[in-house]
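To keep things clear, I will list the structure first and then write my remarks on it.
The values are calculated or read from the model by the stated rules, or taken from the named source; none is laboratory data. What you are looking at is a predicted structure, and each value in this text was computed from that prediction instead of being measured. Heads up: the accessible areas ignore ligands, DNA and RNA and are worked out on the full protein's heavy atoms, side chains in. Shrake-Rupley method; radii C 1.70, N 1.55, O 1.52, S 1.80 Å.
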Amino acid sequence: ALKGDRAGLALQPVVHTSTGDVAFYECLMRLEQLDGGYLSTGESIQAAEDNGLSCAIDRRSLALAGDILRASPKLNLSLNVSALTCRDDSWTATLMATLRDAPSFAARLTIEITETAEIDDLQRTREFVNLVKSLGCKVALDDFGAGYTSFDSLVGLGVDILKIDGAYVRDIVHSAEDQAFVSAMVQVARRLGIETVAEWVVDVRTADIVRELGVDYSQGYYFGEPQTLDQVLQTTEG
């Protein structure tokens, strides 16, 4: 798919929990299969990491995100990178070159570190976070609560945004334990000056609860499914 130019990005809205207005769109890699179907990164990332291709996917995602930022100056984006990419000097060099050519992109771009691979070198990851922030971008930690990162290591990473794993959100309407866990994450994040995102918000009751718990942003099918850039522009410009 990468060699055959069959990789693209779908965009899913992340909204302000208090208002429902779109804050930014998360870029989600979609790989077109030979039969015309699409494979999401979630379905393919483990195989990509096992075969040393996750960094190649992240480099293509960065190039595609740059195209979107260039073509759509009103959109803000977040872009996923594997924890393995935090050690990929060629990716950071590409980001630096992109922002050198278009400095205004930095304020519109958030880099999300995913935990499909263990963050086994906190010092290197911290250096990556500091570099990205020095360029003017925000940094988010994706899927917190289901990955490897603990609250202790969170303190030292210096991220701007914490995305609460959807496993703690999808049943929050019926689970006092999930409500308590999300509330605790929000309180800790707030003390550290970190904003929070609730993933997998699927209905109005879930949206109401995460708002009451103080989560800053919400994401999920209740607010919008992943769409192509053309579909997003039709909505925002319509």
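Things to note:
- Percent RCO, i.e. relative contact order, over region 1-137, from Cα pairs under 8 Å lying at least 6 residues apart: 21 percent
- Residue-span extension gain [ALA180 to ALA107] - 0.36 nm each, minus C-alpha spacing: 23.0 nm
- Largest GNM mean-square fluctuation among GLY145, GLY20, GLY66, using the chain with Cα springs under 10 Å: GLY20.
- Once the 1.4 Å probe is applied to the protein heavy atoms, the chain comes out at 48 Å² accessible per residue.
- Principal axis box of region 167-218, alpha-carbon based, largest edge first, Å: 28, 20, 17
- Under the criterion of Cα pairs below 8 Å and six or more residues apart, the relative contact order for region 117-238 equals 19 percent.
- Within the accessible area of the chain (1.4 Å probe), percent carbon and sulfur: 48 percent
- Expected 222 nm ellipticity per residue - DSSP helices of 4 or more, -39500 (n - 2.57), all of the chain, to 500: -12500 deg cm²/dmol
- Building the convex hull from the alpha-carbon atoms of the chain and averaging its projection over directions returns 12.9 nm².
- Considering only the chain, percent of DSSP beta bridges that pair antiparallel, nearest 5: 40 percent
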